[in-house]
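Below you'll find the structure, written out as structure tokens, and then a few comments.
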Amino acid sequence: MLEAALQGIRLVTTPTSLLYMVAGVLIGTLTGALPGITGTITLALLLPLCVKLSPVPALVLLLSAHVAVEFGGSISAILINVPGTGQAVATCFDGYPMARKGEAARGIAISAMAGLVGGLLGFVALVASIPVMRQIIMALGPPEFFVMVFLALGFIALLGEKSFVKSLLAGGLGLMTAMVGLDPVTSSPRYTFGSLYLWDGIDLIAVVVGFFAFTEMMELMRRGVSLSIAEDVHFRPSLSQVWQGVRDVFIHWRTTLQCSLVGLIVGIAPGLGGTTANVMAYACAKQVSRHPEEFGRGTPEGVIGPESANNSKEGGALIPTIAFGIPGSSGMAVLLTALIMLGVVPGPEMLTKNLHITFGLAWVLALANVVSAAVGLACAAGLARFTFIPTRYLIPVVFALGTAGAYVSTENVGGVLVAAIFGLVGYAFRRFDYPKAPFIIGLVLGSAVERYLHLAVRLYGPLFFLRPTSLGMILASLGYFTWYGMRQRRRGVARG
Amino acid sequence: VKARAEVLFTGFLVLVIVTFLVTAIGYNPVARRMPLIVGVFALASALVHLTTGLTKTLGRMASADQGNDGALRWQDAAVCLWLLVLVVVVYLFGVVVGTGLLTVGFYRFVARRPWTGALLFGAVVAGVLWLTFVRMLAVSLHSGLLFEVLLR
């Protein structure tokens, strides 16, 4: 294991990898700071560029950008009260009042430092879980993996912020979309309607571009307003404020640690998502604070809590993504797409044959957090300007990059058509409040689920799910679903 | 209006899922195994959602709460049309020129900016795409049906 850890760090500390890491952090921070450009959109736009890169630099670029988006999102949350990403919602609550008090630099420094501490804790949890995960994974076979994917979709639907039935339907539609192409066992074409382009299945990159990037830009076009509504906050960077912000994180070390733990747990649980981590950590910070009455008026603890949870969550979220190939969020689903596209198949092999890649990803997580914090502390003033870019520049640029990206992966104009169709689907999802994460997770997992199903039927017959481990998992999940449903019902009754 | 539109959308999804299931029945037993499992699961969810949606919509119609978001529907149609225009323009003029033209169109007609700025911005976007994908990543981007015909 030590050898794999060393091999992993060697992979990601070459000059080329470090260059891609810095590039990823800069891109992630800038796009995160742009209101309307979420982490998933950033990954969706970067994904096509990675087609032509070798696996290590591509993964370094994507994961670094993914990590840095968290910090970028907090910049606009603090400066203009508009969260750059959904994960920065709770950062607004105290970050913006800090900026109104003339302490924007302190708020941004807190965000950078708390994110670093949270991110490093996420890294430690990820590395510490590897031996345990290896034992668990060795005890599971195809039936358990098949059952696990369906249960994960159930959990995502149950714990998500949107309707349970809509989430299940979205997951089902994602799985259905994954069925397009050649059947993996008999190689007979399914749902191709005579088109050779569809024999390889629906191109994931084109879907991701359409479903996330195009949809968000269509929504911006529809609203026809600039999201960057600058109010009377004048950002003047001050070294003393930056230093004060760094100190705040360590003065309130209990809040930092507790909220990082909240983020970690939320990250591991499928379906809870970044916004939940952010908001739950804010609630936790308020609960443990000696001055809860200060919350909402610009207290440092109100920024420390959500920001430390945001970054620790990524370490937690990588655990099921790498070990079981089950992403818990749309961002992780896009990362999973990238892993598959680059020939790295998540699952048991990531903890055995490809353990060095797992360690490499863990190292990227740690180092990208360090670089992101350094960039944040050093360039906060420059980064702040990006929050004021008008949407009239943003929309055409994202459409242009997305169109080229949708074309690149298959070098076929059909990719642009697929992106446009899924742009429309994503737009309908948004208008009618359907969750996007279950759809994209279903789509990404579709082929793996089918593989596990065929293997399970071949090995254990059609009643494979009655094997003790599978049955235990089903019963435990059903028990949890029932308990959760009853608790929600009781709460509803109590609220009247 | 939104609730009614949502019911229509769910109805459309039910149609898609039923078509998916009917098509699956025609495949060989191994190839249709997974589509049938997934299709039934999706159909059950869609029908539950459709039923609850219909009940709600009928309740709202009875209370005559119609709303007045006709303008909103036009905006929805306009942004959807934008995507269709994107596909047609890229198919005809290629990725670089097509996205450049769309940028000019957006900047001039949607953002209502002057022609000079629109042309300049379009040229910059097309140039950046060409530099990134064609020069740096050596990808041969689609040159467009019109240019292919002209070259022949």
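The values are calculated or read from the model by the stated rules, or taken from the named source; none is laboratory data. The model shown is predicted, which means the values in this text are computed figures rather than measured ones. FYI the Cβ positions are ideal-geometry reconstructions off the backbone, even for glycines, and counts take in every protein chain you see. For the accessible areas, the whole protein counts, side chains as well, though only heavy atoms, and no ligand, DNA or RNA atoms are used. Shrake-Rupley method; radii C 1.70, N 1.55, O 1.52, S 1.80 Å.
Annotations
- Across A:Lys52/A:Lys353; A:Lys52/A:Lys166; A:Lys286/A:Lys313; A:Lys313/A:Lys353; A:Lys436/B:Lys56, pairs whose alpha-carbon gap is larger than 28 Å: A:Lys52/A:Lys166
- Viscosity 1.567 mPa s, temperature 4 °C, Stokes-Einstein D of segment A:326-480 from Kirkwood C-alpha radius, µm²/s: 65 µm²/s
- R0 of 56 Å, Cβ-Cβ distance A:Leu475-B:Leu92: FRET efficiency to nearest 0.05: 0.45
- Efficiency of FRET from Cβ geometry, A:Ser238 and A:Arg451, R₀ 56 Å, rounded to 0.05: 0.50
- Furthest towards positive pole of dipole, A:Gly118, A:Val132, A:Gly172, structure part segment A:85-173, Cβ charges: A:Gly118
- Considering helices alone, the calculated mean residue ellipticity of chain B at 222 nm is -26000 deg cm²/dmol, with DSSP H runs of length four and up weighted by -39500 (n - 2.57) and normalised per residue.
- Tilt relative to chain A, helix A:391-408 - C-alpha long axis, 0 to 90 degrees, to 10: 30 degrees
- Rounded to the nearest 20, the Cβ-based charge dipole of the protein assembly as shown about its Cα centre (Lys and Arg +1, Asp and Glu -1) stands at 820 debye.
- Relative contact order of chain A, taken over Cα pairs closer than 8 Å and 6 or more residues apart, is 29 percent.
- Counting only DSSP H runs of at least 4 residues, each contributing -39500 (n - 2.57), and dividing by the residue count of chain A, the helix-based mean residue ellipticity at 222 nm comes to -24500 deg cm²/dmol.
- Averaged over its residues, chain B has an accessible area of 58 Å² per residue, based on protein heavy atoms and a 1.4 Å probe.
- In percent, rounded to a whole number, the relative contact order of segment A:1-119 is 24, using alpha-carbon pairs under 8 Å and six or more apart.
- Electrostatic tally near B:Phe133: other residues with Cβ closer than 13 Å to its Cβ, Lys and Arg +1, Asp and Glu -1, net +1.
- Net charge of Cβ neighbours under 14 Å - reference A:Met179; Lys, Arg +1; Asp, Glu -1: +1
- Between the Cα long axis of helix A:355-385 and the first principal axis of chain A there is an angle of about 30°, rounded to the nearest 10.
- Carbon and sulfur %, accessible surface of the protein assembly as shown computed with the full protein complex present, 1.4 Å: 68 percent
- Whole-number percent relative contact order across chain B, with pairs defined as alpha carbons under 8 Å at least 6 apart: 20 percent
- Interface between chains B and A: roughly 5200 Å² of accessible area buried, both sides summed (probe 1.4 Å, protein heavy atoms only).
- In this structure B:Asp76 has an accessible area near 30 Å², from a 1.4 Å probe over the protein heavy atoms.
- With respect to chain A, whose longest principal axis is taken over its alpha-carbon atoms, helix A:437-460 is tilted by about 30°.
- Largest accessible area first, the residues A:Thr13, A:Thr91 order themselves as A:Thr13, A:Thr91 under a 1.4 Å probe with ligands, DNA and RNA left out.
- Debye-sum result for the protein assembly as shown in log10 I(q)/I(0), which assumes one identical scatterer on each alpha carbon, at q = 0.07, 0.08, 0.12 Å⁻¹: -0.44, -0.59, -1.40
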